[in-house]
Amino acid sequence: MILCATLIKLWVIGAVTYDDFITELNKAGLTVRRFAELMGMQPNSVSNNKKTGEIPMHLAVIASLLAELSGRNIDYGPIFERLEPTRKKPRGA
């Protein structure tokens with residue numbers, strides 16, 4: 001919960017570190033690969049953010065919400081089953 005509040009504060013100033021993002025993924029029991037699959041993204045589209053050290057805010061918020069759900073023992077799996085996100089094609093494909 002504390003990290004979630006921290007991410008919200010960072011959201012206001014517009015910067016979330018890649019390390020904080022990974023911490024949230026770990027709290028949610030997710031890897032970068034699994035998170036990308038849930039989002040319908042290529043895993044390298046997420047992990048490429050490590051180079052800049054910052055993560056796009058929409059991904060940080062989603063990771064934080066998933067961590068919060070997981071921390072409250074709420075299964076987020078059915079949400080993604082219902083939404084059925086489709087995987088984007090890689091650029092140039």
(message) Go through the stretch 50-68 and report how many residues are surrounded by 20 or more Cβ atoms within 10 Å (Cβ to Cβ) and either in a helix (DSSP H, G or I) or of a type in the set (S, T, N, Q) (or both).
(response) 6
(message) Whether any residue in the stretch 69-81 is open to solvent by less than 50 Å² (accessible area, probe 1.4 Å), of a type in the set (A, V, I, L, M), modelled with pLDDT of 90 or more and not in a helix (DSSP H, G or I) is what I want to check.
(response) no
(message) Here is a list: 29, 92. Which entry is open to solvent by 50 Å² or more (accessible area, probe 1.4 Å), at pLDDT 95 or above and in a loop (DSSP other than H, G, I, E, B)?
(response) 29
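The values are calculated or read from the model by the stated rules, or taken from the named source; none is laboratory data. As the structure is a computational prediction, the values presented were derived from the model and not from experiment. Using ideal geometry, Cβ is built from the backbone for each residue, glycine included, and neighbour counts are taken over all protein chains shown. Heads up: the accessible areas ignore ligands, DNA and RNA and are worked out on the full protein's heavy atoms, side chains in. Shrake-Rupley method; radii C 1.70, N 1.55, O 1.52, S 1.80 Å.
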